[in-house]
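**Student:** Before anything else, here's the structure in question.
The values are calculated or read from the model by the stated rules, or taken from the named source; none is laboratory data. For clarity, every value in this text was computed on a predicted model and none was experimentally measured. Virtual Cβ from ideal backbone geometry, glycine too; neighbours counted across all protein chains shown. Heavy atoms of the whole protein, side chains included, go into the accessibility calculation; ligands, DNA and RNA do not. Shrake-Rupley method; radii C 1.70, N 1.55, O 1.52, S 1.80 Å.
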Amino acid sequence: MRVVHGKIGSKKNLGEDLCVTFGNFDGVHLGHQNLINETKKYGKTSVVFTFNPHPACITRNHFEYYFLTPLSRKIDLIRDLNPDYLYIIDFDYKQATLDKDFFIKWLLDLNVKHIVCGKDWHFAYKKEGSIADLKDKFECIEVENLVKNGKRISSTYAKELLMEGNIKLANEILGRKYFIEGHVVHGNSLGRTIGFKTANIDILGNVAPKNGVYAVKVVHDNECYLGMCNIGYNPTMNMQKNLRLETHIFNFEKEIYGDNIVIYFIDFIRQEVKFDSKEELIAQLNKDKNNIIERFGGEFL
C-alpha cells in the first residue's frame, strides 16, 4: 500500500481506473474493514480516502476530539487490509466548504469508476452530496451496514461501549483489542511503595474506557506481558485532579521511563473504589492480580 497526501481537487495519478471509498475510518472497525475490502473486488486500483485532521475538528471546532486510533496506527491498520493506496486528504477550512459539483469533478479527473460506500453516505459542504448525485457518473456499490446487538457498527458505538466498560463487545466490533499507546512518564512513585510499580502513560486524545481496573496485554520492545491497568483518579492514596492511566506489568522489573508501550485492553475487572486504608487497597490489588492471572495467564505461558 502506498500512502499519499493531497487536497480535494489535486490531480494525482493513482492508476488507470479507480475503485474508491471515503471515510474517517477512526478505529478501522469491522464496518470499515468491510468497505475497504470491497474496493479490491472489481479489478480496479483500490484507493481508500481518509481525512486529517478529522473533519469535526474543522467544521465543529472540536479540537479536543477523542480518537479510537491516532493517524499513525490508522495507517498501519489500513495497510493490513492491503488496498493499493491510502490517500490522506489534508483537510482544512477551505476543503470543508467545497461544494458537491467540485467534489464530483475531482473524482472524474482522478478517473474514478467505482465508489464503495454505506447506504447513508454524504459528502461535500454541509453533506449536500448524496449517492443519488453520483449514480449517473459512477458505479456505486452500496454496502449494507453491519449490525451487532441491534445497533449499527460504528466508531460512535465503539466509543460508547468503551465508556461503559464493555471491553469485550468493543473489541468484537473493532475486530481487535482496543489499545492506547504512549511514552512512559513519571508518576508519583507510590505504586512501588506498596508492591505494585506502575508504568504511566498520558491518555491525551485517546478515548478513555470507563474508570476502573482492566486486564491488559502490554507490549514493550516487541515483547508481550500480562498486566492490570487502572484508569481513574487514585481515590485511596494521593487523589488526582486529572484522569490517569497506570499499568502494573506482571513479572517485569525494567526501568522504562521514556519508552513507548502499547496497552491492549482485554477485559473490565472492577470499578475504581476508594478503600478505607492502604492495607485494604493492597489486598484488593492482589486479588485483582490473581484473578487476571487465573483467567488470562494461559495466553502468556
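**Student:** Does Leu14 meet the test of being touching a residue at least 60 places away in the same chain (Cβ under 8 Å) and either surrounded by fewer than 19 Cβ atoms within 10 Å (Cβ to Cβ) or farther than 26 Å from Leu169 by Cβ (or both)?
**Tutor:** Here the answer is yes, as Leu14 does meet what is asked.
**Student:** Need the failing condition index for Gly9 against (1) of a type outside the set (A, V, I, L, M, F, W, C); (2) surrounded by 16 or more Cβ atoms within 10 Å (Cβ to Cβ); (3) on the phi > 0 side of the Ramachandran plot, just the number.
**Tutor:** Of the numbered conditions (1) of a type outside the set (A, V, I, L, M, F, W, C); (2) surrounded by 16 or more Cβ atoms within 10 Å (Cβ to Cβ); (3) on the phi > 0 side of the Ramachandran plot, the odd one out for Gly9 is (2).
**Student:** Report yes if His186 is farther than 21 Å from Leu68 by Cβ and either at pLDDT 95 or above or in contact with a Lys or Arg (Cβ under 8 Å, 6 or more places away or on another chain) (or both), otherwise no.
**Tutor:** In short, no.
**Student:** Considering Gly195, Gly232, which residue is among the small types (Gly, Ala, Ser), at pLDDT below 95 and crowded, with 17+ Cβ neighbours inside 10 Å?
**Tutor:** The match here is Gly232.
**Student:** How many residues are surrounded by fewer than 18 Cβ atoms within 10 Å (Cβ to Cβ) and either among the acidic types (Asp, Glu) or part of a strand (DSSP E or B) (or both) if we restrict to segment 90-112?
**Tutor:** The number of residues fulfilling the criteria is 5.
**Student:** I would also like to ask the following. Being of a type outside the set (A, V, I, L, M, F, W, C) and either open to solvent by less than 20 Å² (accessible area, probe 1.4 Å) or within 24 Å of the chain's Cα centre (by Cα) (or both) narrows it down to one residue among Gly165, Gly187; which is it?
**Tutor:** When all the criteria are applied, what remains is Gly165.
**Student:** Also: Which of the residues belonging to segment 284-301 are within 27 Å of Val185 (Cβ to Cβ) and surrounded by 14 or more Cβ atoms within 10 Å (Cβ to Cβ)?
**Tutor:** Result: Gln284, Leu285, Asp288, Lys289, Ile292, Ile293, Phe296.
**Student:** Restricting attention to segment 113-159, report how many residues are assigned to a loop (DSSP other than H, G, I, E, B) and either in contact with a Gly (Cβ under 9 Å, 6 or more places away or on another chain) or exposed (fewer than 13 other Cβ atoms within 10 Å of the Cβ) (or both).
**Tutor:** Result for segment 113-159: 12.
**Student:** Can we say Ile180 is farther than 19 Å from Glu38 by Cα, in contact with a Lys or Arg (Cβ under 8 Å, 6 or more places away or on another chain), hydrophobic (A, V, I, L, M, F, W, C) and at pLDDT 95 or above?
**Tutor:** The answer is no for Ile180.
**Student:** If only one of Ile231, Ile261, Ile256, Ile269 is β-branched (Val, Ile, Thr) and assigned to a loop (DSSP other than H, G, I, E, B), which one is it?
**Tutor:** None of the other options fit; the residue is Ile256.
**Student:** Also: Does segment 235-283 hold any residues that are open to solvent by 40 Å² or more (accessible area, probe 1.4 Å), aliphatic (A, V, I, L, M) and within 24 Å of Glu181 (Cβ to Cβ), and which are they?
**Tutor:** Leu243 - this is the single residue of segment 235-283 that is open to solvent by 40 Å² or more (accessible area, probe 1.4 Å), aliphatic (A, V, I, L, M) and within 24 Å of Glu181 (Cβ to Cβ).
**Student:** Now a separate question. Suppose we filter Glu279, Glu299 for residues that are under 27 Å from Ala158 (Cα atoms) and out of contact with any helix residue (DSSP H, G or I) (no Cβ under 9 Å at 6 or more places or on another chain); which single one remains?
**Tutor:** Glu299
**Student:** Can you tell me which residue among Ala208, Ala170 is touching a Leu at 6+ places or on another chain (Cβ under 7 Å), open to solvent by less than 10 Å² (accessible area, probe 1.4 Å) and among the small types (Gly, Ala, Ser)?
**Tutor:** It is Ala170.
**Student:** Which numbered condition trips up Glu38, out of (1) within 24 Å of Leu162 (Cβ to Cβ); (2) in contact (Cβ under 8 Å) with a residue 60 or more places away in the chain?
**Tutor:** (1)
**Student:** It is to be established whether one or more residues within segment 91-103 are closer than 16 Å to Thr21 by Cβ and over 27 Å from the mean Cα position of the chain (by Cα).
**Tutor:** yes
**Student:** Determine whether Lys94 is of a type in the set (Lys, Arg) and without any contact (Cβ under 8 Å) to a residue 40 or more places away in the chain.
**Tutor:** Yes.
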